[in-house]
Each structure stands twice: as C-alpha cells, then as structure tokens.
C-alpha cells in the first residue's frame, strides 16, 4: 500500500486509512485490481506505441506524454506490454504505481476501463483582477491534466485590467493592462498556453465578457463604452459597451475575427453577465434610441439587442459560443448549440431545469465557486454536489455536458492561487469524471490524501487535514 | 557618476512620485490617489515627520556603517549581518547593479551617501538574546548627505530598517507592546526549516519579535530530544525526514536572534500529548472500559512519580536548548474523561480528598510541573485554562488568553488577579473567510476591556496564531501574510492609528515589498505589484 497516506480525520478514515482502489483519482468507471504485484524494472521499463496503434513516433502529443510520465520517478521505465496508452490512461497508469518501503516501484495486476461521465470538465481562471504569470498558468494546466480536467476557461480580461495583447488593437492592452510590458499576454504567450494545454488534452476557451465587465476596454478604445450622465452633462465615468453606435459593432467584428484566429477551439465564451443598466438609463442618446426601438423602459431589451448582434458577428467567425445564464434569463434569441453557463447560487437547480427544458446545452458552476473559502474541509461539499439532481427528463439531463470550478481573482494571484485551487478542485474533477454512484466520502478522503501528496511533488496543493507526505513541498 | 533613482515608486511620499504599484482596489477604502502621506511605512512609527525635500540614494556610493561614536562595531556580527541584508533590500531589489565609485565620482547636492548606525548604550546587546524587557526604540534622521539611525541597543537598530524613505525625515519610534508574536504549529503538519526561516524573515519585516513555537502536540512529536530520542523516533511522522534535530533548532534560534526575535517553545501538557506516549510508555494515562484497559490513552498520568522524573529531565534539557527566559507550558483543553475511567486515578482522587473535581487533579499536576520548571530557572507562560481552574501561579506567570467569546472579560479577570497577559483570542489566523479579513484583525483594540490603568499595563502584547490542521508548507506563507501584518501594526503602533483607508494604502505597498523579497504574501484585493511573485 502507498506509504504516504496522510493520517487524518478519524471520522473519515477506515482502520488502515487506505482504499482498495489505492490512490486512483478520479475513480475510473471500472476497476479491478488484484493482489498480484509486479516490480517496475528500473533498468528496463519503457513506454511505447503498440504496433497496432494508429498513433506512432510522429505523434508528438503522445511522445511528449510518454516522456512526462516516464520521468515521474527520474528513472527510465521499460515495458513490454501490448496495450496502447492514451493520455488519460497514462495518468491512471502512473497513479497505479506505488513505492514499497524500500522505494522500489510496484504495480498490481489490474484491468481498468474508463471514460468520463461528463465531456466538459473545466477550470476558470481570472487574469484580469490579478495578472497571472505564464508559469502559474502552465503549472495549473499540468495539475488539471493530473486531475483529468479538459477545459481551461480563460477569463482573460474584465473591468480592472486588459492583459490580452491584441494585434488588431494593441492600444487595448497598451492603455488597459496593469502595465503594458510586464503585465500582458503576448501572442507568443497565448500560443504557448494553447499548445501546452493541447499536449495535455485540454481545450482553451477564452472569455471576452461584454457588454458589462468592460471598464478596461474603454481605456484604449475611446467611444466603445457608454458615457454616463449626471443630469444633462457627462459625469466622466463610463458604463457598459455602447450598444447604439455602429462603431461598436465594427470594432467587435474586427476584434472577434482576430480572436477566432488566435484561439483554435470551436467555442468562445462571450460573457454577458451582470450588466448594470444605470449608465444606459442616464444617457440621453440611449434614451432616444430606446424610444425609437420601442423598447419602453425595458433595458434588458437593449441588452438583447446588443447580444443578438454580437452573437451574429461571432457566428460569422465560425465559432460556437457560451454565455452566462443572464443572457438566457433575459430572453435573448440564441442559436441551438449555445452553451449556457449556470453560475448564480441559490436557485441553480431550477435554472438547470429551465435551461435544459428550453433545449440548451448547459454547464454548471454555481456550487463550485472555489474563490469562496472557509475553514476546514470544504472539498467535501464540492464532492457531494450532484449536477443532475434537478427535476427534468432524461433528455434534459443529457443536455448537461459538464461543469467548471471557478477561481475568481479578486483575492487570488500567483502567491496563493495553486494551494487555493488544489486539491479542492480535485473534488470537482471526480464528480465530473466518475460515475454518479461514486459517493463514499471516506474512501474519497483516503484516495485524495494520497493523490494530493502526489501533486505536492512540485505543485503546492494544500493539505486536507493533519498528517504528512513522505516528500513534503520544497518551496515556501 | 551613476546615480539612479532607486526603486522607482517605492518612496511614495516623495515629491511628485506616486507609487507605481499601489494595488488599486476597494473604492470605499481608497483615497483619490491611493497613496498615504506616510508612504508605505508599516507598522506606522510612533512619530513621523516627512518633509517634501527628497534625496537620491547614490547607487555607486551608498553605504551602511557604524557611526564612530557607536558602542557596536565591526565585531558585532548581528549588525553586520543586518547591514548586508538591508543593503540588498534597499538597493538590490530593483535589479540595479551595484558599482564601485569611479574616480570621477562626487556626491551631488541632493544625494544620500550613507546611513550611519549609532548604538548609544555602552552595552549594545550585540551577542545577547532579546527579551521581553529589551528596549526596541530607535530614532532615524534622514538629512543629506548622511542619514543617522540612533538606538540604545542593537534591537532598536534592527527596527530602524524602516529606512526606505528618501525624503528628509525624522522618525522616532518604539513599540506600543513589548510582546509581539506569531504562533506556528509544527505538530499537525511538519514544517520544513526553510519555511520557518522564511517566516522569521517576514516577521522581522513586520517588527514581530516573538516566535511561539508550538513544536509538539497530539498528532506528531518532531522535536529530537537528546535525553529521550525515542520520543521523536516513535512519535514523529517520520523519524528521519520529519524531525527537528538539535542543529535545526540551533539554526532557528540564531536566525531569529539576528533579527531580534525571541524563540519561545511550547511543550503543551497534560493534554495534547498523544504523540508523547508513543516513545514514552507509561507517561500517558491508560483509559478504561469498565474494569479493563481500552487500549487508548489520555492526558499525562498525574499520579505516577515516573511522570515527574521524566518531566524534570525533559524540561532540564529544554531549558538548556532554548535560551529565552520563558517556556510555554500549555495546559489547555484537558479532557477529564480518561482520568475518570481509570481506577488508580479514582483511588488517588479519594486519597487526596479531591472528590469528583478533576480540575483539582489537573491543578495538582500543573503545580508540580511549574515547580519543576522554576528550578530550571525559566519563567513560564500558560494558556488561560490553567488560570481559570484556580492553579497557584508564580507572580511573573504570563497568561495567554485565547478563547474567543468572552475574551474581554477574561482579560479583565486575569489582569485584576495581577498577572501579565498576552492576547490571541481575536487573532486566530487559521480561521479563514472570503474577502479582506485583515481589517477585522486591524480593528481589534487589546486594551478595550474594563480595567484600571494598572491592569492595562499588565497586558504586554499578543500573538497571531496559525494552527496547523489545514496548513503546511504549501499554503502557510500566503495564509499568514499579509493578514498577520494587520496584527503587527496593532501591536506596534499607537492606539490612535486606526484609519483603515490609510492602512490599506500602506499595506498594499508593504505587501508588494514582501512579494518582491520572495515572500508569497497574498493580495488584499485586485491590483498588481510591479514585480509579481516568481514562484507558483
């Protein structure tokens, strides 16, 4: 059994503190582990493509992965099995390997057949409230791969700063970033993130959130945002994107055309959350427009007007789109393959029912806002969430393609991101991958403590409870 | 001549310069400019006068040295060590290359070339250990071409590293409270020495002067005792990789001393001792299920002579290993149920006439322990329960108030009984929540309880506690800093330093300073530092 089970919560732990599944995380759909153990030959272990495999030495993605997993113990492994390993299977294989008390690597005879319960298993990181150095993003992509997450939702810009260096509109970051040189993501940075993610089976979905959450856009793009009024004179402050100017849509067309070439994923996230109408209401040109359009006093109609045009623009760039739930809630006309992102806590179950009843694909984040912290083992409450617990038909439930753990950045940056995200996000990882009936918290604790110690060899994943890892984290 | 404006933007109160890296943030908290007239001083000194006249630090010619009248000189390694550290911080942080002055170098009219350190007392304390009675005051005068830092002894000089302003200034400073501590717990999780040292360094940046080392407890016993090596052999998480050797402990103590920090170890008994029983059979009370031992153990067994023989030897060793004048003896959260179940103990209770009052048995134990520790010539600190349960204490006992809810009354009671007191109850930093909780730590007023002036004088300070159930090397430093900095200012600065807005403006810059020095102090709110943390 693994040496490094963290001892801990007596209520949670079985007598031996270890699981019959060893330390597999997330738990595979089907696992049979026997008592027969093998030694991994230190001199002769190898990972290679089976001869029947459709991927060979030219597949850099796999070759890259073999190198990563082979080096976990700083020893060259040689193997003579005929099985083909896919990326996720490589991770699982590495989790089956354990050290005996002499440090020799062993593995038990096992048969595993696995597939994810949900196809969209994501992490949202926010690089606007705080700039996140590329190193931090890459380290977390690596950790996502260890946990079988496959979507990086990059909430790249927002009110406080605009770090995305656009080649079409370089002044956006020139004026809008915290610092135009040191706190931006260049095209090379973005390429690096995308390829690093791809090599780990992770999609990168950028979010350019409009019309709200756009203060930083207005610094480098004058006239993009609505000027707010105090009575009949401009107050000097600005509100959401100005929906009544043609220049707004010219800009969006150019901008999202660039986005569609930079980010290869089939989807972009367009935001659309928390639009504050007060600035629009104060602006006389907007009031005039509202009258002309016959919107009355219903500013959500103006919001819909804007979103509709934006969605049409994005559609011409041949991307699908994801939007926060408000866009759906406010009755905007959406394409059938729109993904609706449910995030508002309190009532999220009803919302899941409504969105799926309307026929839209849905992802869930509401119970998984990891930026909310509290003392103690809150991973358990994330683990206990059942995404399909809402009232709905089988067909509705099939529309839920997964979820995302969100780590909003108001209180988070490179100094504390990684321990705040891990291993708490690992609880979400298993909930989205493993079967619905994998619910034994005690067994989860026993596997997760070991999985956490595995991450600690390089990733500062915080502890669940008191105890130790044979190899403690080496940083500070 | 190469003169460079160093650390652009650091010196926020200098004429015309705004800090580049003030974290923008809470509009409710921030002044229009987001900067404080005190620059980024933290904790705020007792008395600060900053003029508008600014100086440049001469990169090629700036030096820190002993004034000729100083009672400390080149042989004072504590000061020499500090000069080296602070020279790096002040000039090296911006990646500025240090150059030897060239032949044609001359100091210009507005250049600061030197900081002179003048220890005024004949006894500089250079090779001594800091104590609760050390005078930590200092005076700093920044006037061209030479700045002068004057202090009675080296402890004040260390605090004078406030020197970062380059405006003409006069600062005279001393701490409001003498005991300003951080508690770290190395039993719930082993903390590698590197982490302890990094946090001692950060404590010094925040003018903390006590490291309360809660070194052992129920889950593990990492302290490698030379008298009883089996305690860690059996009781540590791992007898080789998860222990503090005598060399480790020495290193921590000296590293702390060089930074003016006392190291007060806590060996908590009679409760919180599960790990002690692994290597010391018969030390703990065997619990009973009816008339047979259940196999589990409770607090230290107070009725055996062997217990006190052990404690005498153990605490004799502790008194030689840890040079501070005080040890912390714990005494908290003693669960009586195991004692109640044990027939020998029940018999002893009858013999002693304690009836059913097990707090009398607890007092019996503690009394004997205190007598033992007194013979080792240490003063002691104890958690409040020992006082609450009526144990007879020596007059110089320090009572540590930790129980939230009612701590104000407790402060009143303890000081009314004449005991020196330190406060931790409102400063349990292991309790976390979303948002800017530093503000609630900052707003605590330690002397807000009902009591006389004489009583209030008995409060010598407080400690921010970071218990280790959920904390280890992966998350300790961002969890502790800068939240503990709020406690630092509350314990150092004057009572009327209460402006949260101004504190926010200074603390965001102070936090970026910690980050720049390699300490992952977490952010207060959204914003940025010119030099972000380079780790992950």
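Give the residues of region A:216-232 that are assigned to a loop (DSSP other than H, G, I, E, B), in contact with a helix residue (DSSP H, G or I) (Cβ under 7 Å, 6 or more places away or on another chain) and within 14 Å of residue A:176 (Cα to Cα), sorted by residue number.
A:216, A:221, A:224
In region A:233-273, how many residues are in a loop (DSSP other than H, G, I, E, B), out of contact with any helix residue (DSSP H, G or I) (no Cβ under 7 Å at 6 or more places or on another chain) and within 21 Å of residue A:299 (Cα to Cα)?
Here the count works out to 1.
Of the residues A:386, A:430, which single one is away from chain B (no Cβ under 14 Å), closer than 22 Å to residue A:324 by Cα and out of contact with any strand residue (DSSP E or B) (no Cβ under 7 Å at 6 or more places or on another chain)?
A:386
Is one or more of the residues making up region A:125-138 under 30 Å from residue A:53 (Cα atoms), surrounded by fewer than 18 Cβ atoms within 10 Å (Cβ to Cβ), at pLDDT 95 or above and within 14 Å of another protein chain (Cβ to nearest Cβ)?
Yes, because at least one residue in region A:125-138 is under 30 Å from residue A:53 (Cα atoms), surrounded by fewer than 18 Cβ atoms within 10 Å (Cβ to Cβ), at pLDDT 95 or above and within 14 Å of another protein chain (Cβ to nearest Cβ).
Hey, could you check region B:344-361 for residues that are touching a residue at least 24 places away in the same chain (Cβ under 8 Å) and out of contact with any helix residue (DSSP H, G or I) (no Cβ under 8 Å at 6 or more places or on another chain) and say which is nearest to residue B:284 (Cα to Cα)?
Among those residues, the one meeting the criterion is B:344.
I'm checking my understanding of the structure. Among residues of region A:389-403 that are in contact with a strand residue (DSSP E or B) (Cβ under 7 Å, 6 or more places away or on another chain) and not in a loop (DSSP other than H, G, I, E, B), which one is nearest to residue A:141 (Cα to Cα)?
Restricting to residues being in contact with a strand residue (DSSP E or B) (Cβ under 7 Å, 6 or more places away or on another chain) and not in a loop (DSSP other than H, G, I, E, B), the top hit is A:403.
Within region B:213-238, take every residue that is surrounded by fewer than 20 Cβ atoms within 10 Å (Cβ to Cβ) and within 12 Å of chain A (Cβ to nearest Cβ) and give me the one that is farthest from the chain's Cα centre (by Cα).
So, considering only residues that are surrounded by fewer than 20 Cβ atoms within 10 Å (Cβ to Cβ) and within 12 Å of chain A (Cβ to nearest Cβ), the one farthest from the chain's Cα centre (by Cα) is B:238.
Residue check: is residue B:473 more than 14 Å from chain A (Cβ to nearest Cβ) and at pLDDT 95 or above?
Against the criterion (more than 14 Å from chain A (Cβ to nearest Cβ) and at pLDDT 95 or above), residue B:473 does not qualify.
Residues that are within 14 Å of chain B (Cβ to nearest Cβ), in contact with a strand residue (DSSP E or B) (Cβ under 7 Å, 6 or more places away or on another chain), free of Cβ contacts under 8 Å to residues at least 24 places away in the same chain and not in a helix (DSSP H, G or I): does region A:362-382 have at least one?
The answer is yes, given that some residue of region A:362-382 is within 14 Å of chain B (Cβ to nearest Cβ), in contact with a strand residue (DSSP E or B) (Cβ under 7 Å, 6 or more places away or on another chain), free of Cβ contacts under 8 Å to residues at least 24 places away in the same chain and not in a helix (DSSP H, G or I).
Within region A:86-124, which residues are within 14 Å of another protein chain (Cβ to nearest Cβ) and either buried (at least 17 other Cβ atoms within 10 Å of the Cβ) or touching a residue at least 12 places away in the same chain (Cβ under 8 Å) (or both)?
Selection gives A:99, A:101.
Would you be able to say whether some residue in region A:156-166 is surrounded by fewer than 19 Cβ atoms within 10 Å (Cβ to Cβ), over 16 Å from the mean Cα position of the chain (by Cα), under 26 Å from residue A:458 (Cβ atoms) and within 12 Å of chain B (Cβ to nearest Cβ)?
No, that holds for no residue.
From the list B:535, B:518, B:527, pick out the single residue that is more than 7 Å from chain A (Cβ to nearest Cβ), more than 23 Å from residue B:45 (Cα to Cα), in contact (Cβ under 8 Å) with a residue 12 or more places away in the chain and more than 24 Å from the chain's Cα centre (by Cα).
Result: B:527 is the single residue among B:535, B:518, B:527 that is more than 7 Å from chain A (Cβ to nearest Cβ), more than 23 Å from residue B:45 (Cα to Cα), in contact (Cβ under 8 Å) with a residue 12 or more places away in the chain and more than 24 Å from the chain's Cα centre (by Cα).
If the Cβ limit is 9 Å and pairs must be 6+ apart or interchain, which residue in region A:407-419 that is under 15 Å from residue A:462 (Cβ atoms) and more than 7 Å from every other protein chain (Cβ to nearest Cβ) pairs with which residue that is in a loop (DSSP other than H, G, I, E, B) and modelled with pLDDT under 95?
As it stands, the answer is A:417/B:536, since those pairs meet every condition given.
Of the residues B:479, B:483, which single one is touching a strand residue (DSSP E or B) at 6+ places or on another chain (Cβ under 8 Å), in contact (Cβ under 8 Å) with a residue 12 or more places away in the chain, at the interface with chain A (Cβ under 10 Å from one of its Cβ atoms) and over 25 Å from residue B:419 (Cα atoms)?
B:479
The values are calculated or read from the model by the stated rules, or taken from the named source; none is laboratory data. Since this is a predicted model, take the numbers as computed values, not measurements. Here the Cβ is made from the backbone with ideal geometry for all residues, glycine too, and neighbour counts use every protein chain on show.
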